[in-house]
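Every number in this text was worked out from the coordinates using simple rules, so none of it is lab data. Every value quoted in this text rests on a predicted model; they were computed, and no experiment measured them. All Cβ positions, glycine included, derive from the backbone under ideal geometry; neighbour counts span all protein chains shown.
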Amino acid sequence: MGEVAHLINGLRKHDPRAIGRAISIVEDSGESAEILLSSLDESLIEQTLVLGITGPPGAGKSTLTSRIISHLRKQGIRLGVIAIDPSSPISGGAILGDRIRMMRHALDQDVVVRSMAARGRLGGLCSAAGGVVRVMANGGCSTIIIETVGVGQSEMDIVRLADITAMVLAPGLGDDIQAMKAGLLEVADLLVVNKADRPGAEMLAMDMEAMIRNRKSSHETPVCRTVATEGTGVSDLVAAIGSIDQQHRASGEHQYRRKKSFQLEVIDRALEIIRPELFSTLKNLDGKHELDPGRTARRLVKMLLLK
Amino acid sequence: MTEKSSKRYRVLVGKPGLDGHDRGAKFIARALRDDGFEVVYTGIRRTPEEIAAAAVQEDVSAIGLSSLSGGHVRLFPAVVEALKKFHAEDIPVIGGGVIPDEDVVALKKAGIIEIFRPGTPLKKILAAFHQACESYHHKAFR
C-alpha cells in the first residue's frame, strides 16, 4: 500500500524511476497492479491521444516512430512509447530491440520509452498495454504511441486500444491482391507507405489509394508516403494524424471508441477470471466423453452459470 | 510460457563507447532470451548516460555490458556513475569481453559485480544474471 502511494506521488512528479517501476507492477499484474491502476487520475487518461503504429516486420515502424517523436517534441509534447516485441514460444524470453531505433531520444526526459514482450498474447499487443497507457498518462504523457509486434493481416488488438491506428507498409511484400484482402488494412485510420524512395513504392501507394476509393466508408483514409530513415513525409503524416484526431473528437467517434475499448477490455478480463473456473468445471464433466466440442462447451457454460 | 508463474526478469544488454564489435553482446542477448529473460538490447555505440537512462525507463533488474576493444576500464565504471546520477545505483552491472587480469580487480572495485572473459562457460554467466536479478528484486520489493 505504502509503495503504491509512493509511486503515484512519483508519477505526478514525472520521476522516471517511479514510472518505470509502476509499469513493471502493471505488467506483472496481481494485487498491487489493481491497487495502482485504481488509484490513477482518470481525467489525465481521457485527455491523452493514443496512437497505434502497426505493420509487418521490417516495414520501418520503430524508425518512423522515432521520427514522429522528434516532431511531437518540437511541439513541446511529453510523450510515452510502448514498443512491443514477440516472446519466444519456447523459452518465454524475448529480445526487445525497438529501442535501438529510438536511442536519439534516450536522454530526453520527456520521452518515456518502454519495451515490452507480448508474453504469449497473439493479437500484436501485450495484455498489460492498456494499463501501461494509463500509467504513462498519469506520468504526464499527453500522447502515447504504441508500436505493435510486427504483424500481418489480422492482429486487431491495436485498433481496439488506440484512438488512431496507422498501418505502416513497405514495397516489395506482395502484389495488388494483398491490397484487396480483408483485414487490418480496412480498419486502419491511416496507411503509411514507408521506404517511399524504393522501387515499387509508388505502385503500392496507388494500389492503396485505389482500394480506399472503392470503399463505401464515409471518411477518407489518408495514404501518406514517408522515408523514415531520412524523415521525409513525416510532417505530413503528423498533420494527418492531428486532423483525424480533431475530426474524431468533434464527431464523437473518439468517445465512442474509448467506450468500446473499455467494454472489450472488461470482457477480456472477465474471461481471464472465468478461465480457471471453466477448467475446473470441465474436469467435473469428465467421464462422459463427448465428441462435439461445441456441445460440450454449451453444457460447460450452463453448469458454470448454475453454480 | 512455463506453467509455473516464475518471475520474468527484464535485463538490458548494451555496448558503451565506440567499439562496434557486437558479436559478444548479441550472443549473450540471445543466450539470455533462450534462458527465459526479456532482454532490452540497446545496440552499439551508446554513451554510459544513454545506457543508464534506458535501464531506468525499462526498470531492468540487471545490466550486461560488453567491450571487446579495451574501453572497459573507463566505460564500465562510467555506466555505474551514470546510474548513480539517475539514483539507480542499485541496479547490478555485469561486464564481459576481452579484459586483462589486472583490470578485473579495478572494475570490481568500481562497482561491476562480475566480469566474464572469453572461455567462461555460458551456464556460469546465466547463473550470474539470475542471481543478480534475484537479489535486486529481493532488495527492491522487500
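Antiparallel DSSP bridges in chain A: what percent, to the nearest 5? Don't skip to the end; give the middle numbers.
Numbers: 1 of 29 bridges.
Once the DSSP bridges in chain A are tallied, antiparallel ones form about 5 percent.
Can you tell me the order of A:131-138, A:274-281 when each peptide is scored by its average per-residue count of other Cβ atoms within 10 angstrom, highest first?
Details: A:131-138: 24.6, A:274-281: 11.6.
The densest-packed peptide leads the list: A:131-138, A:274-281.
Between A:SER29 and A:ARG104, what is the label-to-label distance in nm when each label sits 7 Å out along the Cα-to-Cβ direction?
In this crude spin-label approximation the distance works out to 3.8 nm.
For region A:261-306, state the average projected area of the convex hull of the C-alpha atoms over all orientations, rounded to one decimal in nm².
Numbers: hull surface 14.7 nm².
That works out to 3.7 nm².
Under the definition of partner shielding as Cβ atoms of other protein chains within 10 Å of a residue Cβ, what is the mean value for peptide B:58-65? Write down the numbers at each step before the final one.
On the way: counts 9, 12, 3, 1, 0, 0, 0, 0.
Averaged over the peptide's residues, the number is 3.
Rank the residues A:ASP207, A:ASP236, A:ASP98 as a footprinting-exposure proxy: fewest other Cβ atoms within 10 Å of their Cβ go first.
Values: A:ASP207 20, A:ASP236 13, A:ASP98 24.
The order, fewest Cβ neighbours first, is A:ASP236, A:ASP207, A:ASP98.
So how strong a dipole does region A:40-251 carry about its Cα centre when Lys and Arg Cβ are +1 and Asp and Glu Cβ are -1, to the nearest 20 debye?
Numbers: 21 positive and 23 negative charges, 72 e Å.
The dipole magnitude comes to about 340 debye.
Would you kindly state how much longer the chain becomes between A:GLU42 and A:GLN247 on full extension, computed as 0.36 nm times their sequence separation minus their alpha carbon distance, in nm to one decimal?
Numbers: separation 205, 0.36 × 205 = 73.80 nm, distance 2.27 nm.
Gain in length upon complete extension: 71.5 nm.
Stretched out fully, how many nm does the piece from A:LEU264 to A:MET303 gain, at 0.36 nm a residue minus the Cα gap? Let's see the in-between values first.
Working: separation 39, 0.36 × 39 = 14.04 nm, distance 2.44 nm.
Length gained, A:LEU264 through A:MET303: 11.6 nm.
Helix-only estimate, please: 222 nm mean residue ellipticity of chain B, summing -39500 (n - 2.57) across DSSP H runs of length 4 or more and dividing by its residues, to the nearest 500. Kindly include the intermediate steps, with their values, before the conclusion.
Working: 5 runs with 65 residues, N = 142.
So the helix-based figure for chain B works out to -14500 deg cm²/dmol.
When N counts the residues of region A:40-251, how does its alpha-carbon radius of gyration compare numerically with 2.2 N^0.38 Å, as a ratio? If you can, show how the numbers build up before the last one.
Details: Rg = 16.4 Å, N = 212, 2.2 N^0.38 = 16.8 Å.
Here the Cα radius of gyration is 0.97 times the empirical estimate.
Rounded, prolate or oblate: pick one for region B:10-140, where a ≥ b ≥ c are the square roots of the eigenvalues of its C-alpha gyration tensor, a/c under 1.5 means rounded, and failing that, prolate if a/b is larger than b/c, else oblate.
Numbers: a/c = 1.24, a/b = 1.07, b/c = 1.16.
It comes out rounded by the Cα gyration axes.
Check A:ALA94: other-chain or 5+ apart residues with amide H under 5 Å from its amide H, H built from backbone geometry?
Hits under the 5 Å cutoff: A:SER88, B:PHE37, B:GLU38, B:VAL39.
Mind ordering A:108-118, A:74-84 by average Cβ neighbours within 10 Å, highest first?
Numbers: A:108-118: 22.3, A:74-84: 19.9.
The peptides rank, most packed first, as A:108-118, A:74-84.
What list do you get for B:TYR41, B:TYR136, A:TYR256, B:TYR9 if you sort them by fewest beta carbons within 10 Å? Numbers along the way, then the final one.
Numbers: B:TYR41 27, B:TYR136 18, A:TYR256 11, B:TYR9 22.
The order, fewest Cβ neighbours first, is A:TYR256, B:TYR136, B:TYR9, B:TYR41.
What's the average, rounded to a whole number, of partner chain beta-carbon atoms within 10 Å of each residue's beta-carbon in B:40-52? Before the final figure, lay out each step's value.
Working: counts 14, 9, 8, 5, 1, 1, 3, 3, 0, 2, 5, 2, 2.
Average per residue, whole number: 4.
Across peptide B:86-94, what mean number of C-beta atoms from other chains lies inside 10 Å of a residue's C-beta? Numbers along the way, then the final one.
Details: counts 2, 3, 3, 0, 1, 1, 0, 0, 0.
Going residue by residue through B:86-94 and averaging, the value is 1.
Nearest 20 debye, what's the magnitude of the dipole of region B:10-140 about its Cα centre given +1 on Lys and Arg Cβ and -1 on Asp and Glu Cβ? Present the calculation step by step, with values, prior to reporting the outcome.
Values: 17 positive and 17 negative charges, 46 e Å.
Its charge dipole is roughly 220 debye.
Cα gyration tensor of the protein assembly as shown, axes a ≥ b ≥ c as square roots of the eigenvalues: rounded (a/c below 1.5), prolate (a/b > b/c) or oblate?
Details: a/c = 1.64, a/b = 1.23, b/c = 1.33.
Oblate is the answer for the protein assembly as shown, as a/c is 1.5 or above yet b/c matches or exceeds a/b.
Which of the peptides A:53-61, B:122-130 is most tightly packed, and how do the rest follow, judged by the mean count of other Cβ atoms within 10 Å per residue?
A:53-61, B:122-130
Could you work out [θ]222 nm for chain A from helices alone, using -39500 (n - 2.57) per DSSP H run of at least four and dividing by all its residues? Round to the nearest 500 deg cm²/dmol. Spell out each step's value before the answer.
Values: 13 runs with 153 residues, N = 307.
After summing the helix terms and dividing by residue count, I get -15500 deg cm²/dmol.
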